[in-house]
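Asks: This structure is in structure tokens; I'll ask about it shortly.
The values are calculated or read from the model by the stated rules, or taken from the named source; none is laboratory data. All figures in this text were calculated on a predicted structure; none of them were measured in a lab. Cβ placement follows ideal geometry from the backbone for every residue including glycine, while neighbour counts extend to all protein chains displayed. The area values use the complete protein model at the heavy-atom level, side chains included, leaving out ligands, DNA and RNA. Shrake-Rupley method; radii C 1.70, N 1.55, O 1.52, S 1.80 Å.
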Amino acid sequence: MTTDVIEVTLLGPPLAKGRPRFSKATGRTHTPERTLNYESRLAHVAAEVMANRPLLEGPLSVEVLIRMPIPESKPRKWKEAALAGTIYPTKKPDVDNFAKMLDALNLIVWSDDSQIVALHVEKIYSDKPAFVARISPKQPKGAFG
């Protein structure tokens, strides 16, 4: 197991995982095309970062930073406050739906996302929108330590 932190950054407006859709014609569910495309792009970036490294083993800690674009329609002072970190993106999509995008890293960064034993997800405004995931081996600590 490596002690290096793996950082996967997909530039551009982040996308949360879309809800599965149900087809009445076939009776099957499917993941929305937009979600599949984003997961594919995230997986591609992760594969480049891993550069033929072996899959991470053991318990993992993951931090996800969702850098949301600042709405163009907002006044200058609002935008400045958002960049300063005093205004947060409290509207949808929810942080848990962004975390679900980590499924795209299965068999690229780790064997299965069940290895994630610690997860922190945060949404902020940024003038450089992106989905950023930092993955590291979980260090032994007590709960909330």
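Asks: With N denoting the number of residues in the chain, provide Rg(C-alpha) divided by 2.2 N^0.38 Å, to two decimal places.
Replies: On the way: Rg = 16.9 Å, N = 145, 2.2 N^0.38 = 14.6 Å.
Ratio of Rg to 2.2 N^0.38 Å for the chain: 1.16.
Asks: Moving to a separate point now. Once you have the Cα-Cα distance between N52 and D127, take 0.36 nm times their residue separation minus that, and quote the gain in nm to one decimal. Intermediate values should be presented prior to the final figure.
Replies: On the way: separation 75, 0.36 × 75 = 27.00 nm, distance 3.19 nm.
Full extension from N52 to D127 adds 23.8 nm.
Asks: Going by the alpha-carbon gyration tensor, a ≥ b ≥ c the square roots of its eigenvalues, is the stretch 1-80 rounded (a/c under 1.5) or, if a/c is not under 1.5, prolate (a/b greater than b/c) versus oblate?
Replies: oblate
Asks: Another question about this same structure. Out of G58, G12, G85, any idea which swings most in a Gaussian network model of the chain, alpha carbons joined below 10 Å?
Replies: The residue with the greatest mean-square fluctuation here is G85.
Asks: Keeping all protein chains in place, calculate the accessible area per residue for the chain (probe 1.4 angstrom), answer in Å². Each step should come with its number before you reach the end.
Replies: Values: 9280 Å² over 145 residues.
Per residue, the chain has an accessible area of 64 Å².
Asks: Over the chain, what is the percentage of antiparallel beta bridges among all DSSP beta bridges, to the nearest 5? Please list the in-between numbers first.
Replies: Numbers: 16 of 28 bridges.
Bridges in the chain that DSSP calls antiparallel: roughly 55 percent.
Asks: Could I ask something else about it? To the nearest 20 Debye, how big is the dipole of the chain about its Cα centre, given +1 on the beta carbon of each Lys and Arg and -1 on that of each Asp and Glu? Present the calculation step by step, with values, prior to reporting the outcome.
Replies: Details: 21 positive and 16 negative charges, 146 e Å.
In total the dipole reaches around 700 debye.
Asks: I've got another one for you. Leaving out ligands, DNA and RNA, and with a 1.4 Å probe, what % of the accessible surface on the chain is carbon or sulfur?
Replies: Working: 4950 of 9280 Å².
Within the chain, the accessible surface is 53 percent carbon and sulfur.
Asks: When the helix-only estimate is applied to the chain (DSSP H runs of n ≥ 4, each -39,500 (n - 2.57), divided by the residue count), what is the mean residue ellipticity at 222 nm, nearest 500 deg cm²/dmol? Mind showing how you got there, number by number?
Replies: Details: 3 runs with 32 residues, N = 145.
Per the formula, -6500 deg cm²/dmol.
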